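This report refers to the structure that appears directly beneath it.
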Amino acid sequence: METRANHVLIGLFTLAVLLSAILFALWAAKYSSDKSWNEYDVIFNEAVTGLTVGSVVQYNGIAVGDVRKLSLDVKDPNKVIARIRVGAETPVKVDTKAKLAFVGLTGVAQIQFSGGTVNSPRLHAGEDTEIPKIYAEESAFAKLINSTTDITVTAADVLLRINKMLSEENVQRISNTLSNIEAVTGSIASEKKNIAELIAEARNAAASLDKTLVSTNNVVNKLDQNLVNQIPQLVTKIDRTLVQLEALSRNVNGVVAENREAISSFGNQGLAQVGPTITELRGLLRQLNRVSARLEENPAAFILGRGKPEEFEP
């Protein structure tokens, strides 16, 4: 009797749960049908892999609607038109941006809305269409694919250049270069002792140069100090010399002023007599030269007044 009572209670509980689920489904269907929606056509210029009917439409991370239909553009098959519906209260504006996004690593796609400034008007249908259109931006996945293509092209170009660089001729040149480097390193290794001595001599020379520089610096400092000490004496001597020159100049000016008339008379008369006097002196010098020549040629005849004696011829 107790077993039958338990079965009855379980059955009643199951029926109650089923009835509640049915009622909730009816209420949800009624709520969905009563809710107002706005439809938009989102146009993609790329493949919409992973996007299906019923996919979620989000606005800044909040679910605001879903995808109702997917189709190709009749005029341009490279374009995909996604008919979506969002709640009437969703602020879809003329500067609202749309793009394709992927959820995690599952490959499930959804449409993401973003942007829209405060003062922008709401998006409405144009005169040539009944449904407002939103042109989607390039998705991050498409950008990645394009970048991958560019990277692949670049990598292929790099590999081609590497192949050219690693040609047999270049490989032979590299081998020769390595052989030369090995020969040079061998020569350096055999001259370790000489190199060590050279380095030691260089260090000694550097030390000697440091000492010489220190000595030179000391000498220069001493010279500078001597010059500094002698500058006052030199200045004093220069001052004295200038004073003496100034006094001498005053004396000369005084003498010239006192003898101005005599100097002027000498300039007018004395200088006029200098020319004839010099002419007479020149004539006297010529006569003296002639007398000197005669005296040197025949001194006896010049002194005694006789001519040169004639030589006897037998």
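Derivation of every value follows stated rules applied to the coordinates shown; laboratory data play no part. For clarity, every value in this text was computed on a predicted model and none was experimentally measured. With ideal geometry, Cβ positions are generated from the backbone for all residues, glycine too; neighbour counts draw on all protein chains shown.
To the nearest 0.05, how large is the calculated FRET efficiency for ILE188 and LEU166 if R₀ is 30 Å and r is the Cβ-Cβ distance?
So the FRET efficiency works out to roughly 0.55.
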Practice task
Restrict the search to the stretch 63-164; then list the trypsin sites (Lys or Arg not before Pro) that DSSP places in a loop and that have at most 12 other Cβ atoms within 10 Å of their Cβ.
Solution key: LYS75
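Averaging sequence separations of C-alpha pairs under 8 Å and six or more residues apart, then dividing by the length of the stretch 34-137, give the relative contact order as a whole percent.
Answer for the stretch 34-137 is 33 percent.
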Problem - Nonlocal amide H pairs with LYS99, under 5 Å, H built at 1.01 Å - result: GLN112, GLU137
Exercise for the section: Any lysines with Cα under 22 Å of the LYS222 Cα? List them, leaving off those in the same chain fewer than 8 positions away. Expected result: LYS211
Handout entry: Label point distance in nm, THR154-GLN230, each placed 7 Å from Cα along Cα→Cβ
Key = 7.4
Problem - Residue-span extension gain [LEU178 to ALA63] - 0.36 nm each, minus C-alpha spacing - result: 34.7 nm
Practice task
Give me the net charge of SER55's neighbourhood, meaning all other residues with Cβ under 14 Å from the Cβ of SER55; Lys, Arg count +1, Asp, Glu -1.
Solution key: +4
Practice task
Kindly write out, for the stretch 231-241 in residue order, the coupling ³J(HN,Hα) from the Karplus curve 6.51 cos²θ - 1.76 cosθ + 1.60 (θ = phi - 60°), rounded to whole Hz, with x marking Gly and Pro.
Solution key: 4, x, 5, 4, 5, 4, 4, 4, 4, 4, 4
Completion exercise
Binned at 10 Å from zero, the C-alpha pair distances of the stretch 34-137 give percents of 15, 51, 29, 4, 0
Completion exercise
Long-range amide H partners of GLU46, meaning residues 5 or more apart or on another chain whose placed amide H is closer than 5 Å, are VAL80
